[in-house]
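> Sharing a structure below in structure tokens format, with a few things to ask.
The values are calculated or read from the model by the stated rules, or taken from the named source; none is laboratory data. Here the structure is a predicted model, which is why all the values come from computation and not from measurement. FYI the Cβ positions are ideal-geometry reconstructions off the backbone, even for glycines, and counts take in every protein chain you see. For accessibility, only protein heavy atoms count, side chains too; no ligands or nucleic acids. Shrake-Rupley method; radii C 1.70, N 1.55, O 1.52, S 1.80 Å.
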Amino acid sequence: LDIKINNFRKIINKLSESNYEKLKVEFLCQYNNIYHTSKTDNKFHNFNKIIFEMLIYNNIVFTNLYCKILCNLININNDFSELLLNNCETLKNIQSKLLIPNNGTSDVLESINKNNDKYKSFILFYINCFINNLLPNDIFFETISKLQNDILCGIKIENNKNTCEILNEFLFFFISKSYELLKIPENNEKYLLIYKNIETIKLMKNKDFP
């Protein structure tokens, strides 16, 4: 299975809008064959987990394509649906995964940016999953609400400007990339609450609280 993982990684790393259909077929054919020959292997669950992580932590430009691949994988093996749901805890607590830049060397800042960019890919992948109805929208709104609450609490903490700026950056990323979800009529009440909280955050400044 280890050798086969490398083959999947090569396919995913070559994936683009122009070659998606061709590589999707290659990817799914290979996985389907492995599924039917190795699904009883005690390493197979970990094999699926590695493939899933290839999709969620990859090139941010192609998260929509990775989501489409996942849709097809779920049709073959529902374990991927379980992996998607289990990782929602990471999404709902995304702030715990972010690194906060303070004074440091360029290498340290590069490492921080690399980590935070990784989780932007993760977030955008999940937004695509919500758009494609792979997950209930309640999880999406719960995540934004929790992030907003953390910002509102964080503003009141002394010397917490860098943390609040990173959380604000990720809140803006969430909302700017999910407009399609936010404007669905049935989500209007939740959207208005998010907007109200944004207005509150804009009015609050660190200096307002000692």
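> Step by step: first the residues of the range 159-168, then only those that are among the polar types (S, T, N, Q) and free of Cβ contacts under 8 Å to residues at least 60 places away in the same chain, then the one that is surrounded by the most Cβ atoms within 10 Å (Cβ to Cβ). Which residue is that?
Asn168
> Here's something else I'd like to know. Can you pull out the helices (runs of 4 or more DSSP H) entirely within the range 1-105 that have at least 1 residues that are of a type in the set (Lys, Arg) and either at pLDDT below 95 or touching a Ser or Thr at 6+ places or on another chain (Cβ under 7 Å) (or both)?
Details: elements: 2-14, 20-38, 44-56, 63-76, 79-86, 88-92.
Answer list for the range 1-105: 2-14, 88-92.
> Only one residue in Phe80, Phe130 is buried (at least 16 other Cβ atoms within 10 Å of the Cβ) and either among the acidic types (Asp, Glu) or over 30 Å from Asn162 (Cα atoms) (or both), so which one is that? Walk me through it before giving the result.
Details: Phe130 fails: either among the acidic types (Asp, Glu) or over 30 Å from Asn162 (Cα atoms) (or both).
Just one listed residue meets the conditions, Phe80.
> Next question. Select from the range 6-45 the residues that are more than 28 Å from Val61 (Cα to Cα) and either under 22 Å from the mean Cα position of the chain (by Cα) or surrounded by fewer than 12 Cβ atoms within 10 Å (Cβ to Cβ) (or both) and list them in ascending order.
Once the filter is applied, which keeps residues that are more than 28 Å from Val61 (Cα to Cα) and either under 22 Å from the mean Cα position of the chain (by Cα) or surrounded by fewer than 12 Cβ atoms within 10 Å (Cβ to Cβ) (or both), the range 6-45 yields Asn33, His36, Thr37, Thr40, Asn42, Lys43.
> Which one of Asn168, Asn128 is more than 30 Å from Ser81 (Cβ to Cβ) and within 19 Å of the chain's Cα centre (by Cα)?
Details: Asn128 fails: more than 30 Å from Ser81 (Cβ to Cβ).
Exactly one of Asn168, Asn128 is more than 30 Å from Ser81 (Cβ to Cβ) and within 19 Å of the chain's Cα centre (by Cα), namely Asn168.
> Related question: If only one of Leu193, Leu171 is part of a helix (DSSP H, G or I) and open to solvent by less than 60 Å² (accessible area, probe 1.4 Å), which one is it? Spell out how you get there, then give the answer.
Values: Leu193 fails: open to solvent by less than 60 Å² (accessible area, probe 1.4 Å).
Exactly one residue qualifies, and that residue is Leu171.
> Could you check Phe140 against (1) assigned to a helix (DSSP H, G or I); (2) open to solvent by 10 Å² or more (accessible area, probe 1.4 Å); (3) under 30 Å from Glu82 (Cβ atoms); (4) not acidic (Asp, Glu) and say which number it fails?
Single failed check for Phe140: (2).
> Also, quick follow-up: Just name the residue that is most open to solvent (accessible area, probe 1.4 Å) out of those in the range 103-127 that are aliphatic (A, V, I, L, M) and in contact with a Lys or Arg (Cβ under 8 Å, 6 or more places away or on another chain).
Of all residues in the range 103-127, those aliphatic (A, V, I, L, M) come to 108-109, 112, 123-124, 127.
Filter again for in contact with a Lys or Arg (Cβ under 8 Å, 6 or more places away or on another chain), leaving 123-124, 127.
On the way: Ile123: 0, Leu124: 24, Ile127: 2 Å².
This residue is Leu124.
> Here are Lys92, Lys156, Lys68: which of them is among the charged types (D, E, K, R) and open to solvent by less than 50 Å² (accessible area, probe 1.4 Å)? Explain how you work it out, then say what you get.
Working: Lys156 fails: open to solvent by less than 50 Å² (accessible area, probe 1.4 Å); Lys68 fails: open to solvent by less than 50 Å² (accessible area, probe 1.4 Å).
One residue alone meets the criteria, Lys92.
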